[in-house]
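Below is one structure, written out as structure tokens; comments come after it.
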Amino acid sequence: MKIRIALAAAALFVAGCDTPSAIDGYTEDVRLEFSARSDISGPSIPEPELTFTGGDGEIVVEGRFSAGNPCQDVTANAVSENGRLKLVVRVHAQQVICMAVVAHFEYTARVLELPPGRYDLSVVHEYSGRTLFRRETQVTVR
């Protein structure tokens, strides 16, 4: 069982997600670096925790959330249109037998190669295709 949990946690590392996509009318692709990891310690996080940082040509989003078990795949993609950015973090249950214990997931998403300006940013968390969380904010890129 410990090996299965370790394998599930290792499968959560995703890097360099810059696959072309379209989400809800957003059509222009942006470069995204994304990594996620899990940890099964501590109490449940009632609502996802997010921080946003604008930098030189980039926006960094760091997030934490809980799920019903550690056997989840976490992926993301980002798209933009007219100064609006949308980051969608997707959580999909792995098709394995898994211990039912609250697991915490942390991720870092770096939207890269952005021109300077103020961006409307929407972060959406989806679980098996259903939107469970959405947060809107504005971030300034230098």
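Each reported figure results from applying straightforward, stated rules to the coordinates on display, with no laboratory input. Not measured: the values here are computed from a predicted model. Cβ placement follows ideal geometry from the backbone for every residue including glycine, while neighbour counts extend to all protein chains displayed.
The table below gives the values:
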| read-out | value |
| --- | --- |
| Sorted by Cβ density within 10 Å, fewest first, the residues ARG31, ARG118 | ARG118, ARG31 |
| Label point distance in nm, VAL101-ARG64, each placed 7 Å from Cα along Cα→Cβ | 1.8 nm |
| Length gained when the stretch THR53-HIS92 is fully extended (0.36 nm per residue, less Cα-Cα span) | 11.4 nm |
| Taking HIS125, HIS92 and counting other C-beta atoms within 10 Å, the order from fewest to most | HIS92, HIS125 |
| Exposure proxy order (Cβ contacts within 10 Å, fewest to most) of PHE34, PHE52 | PHE52, PHE34 |
| Counting DSSP beta bridges with both ends in the stretch 76-130, the antiparallel % (nearest 5) | 45 percent |
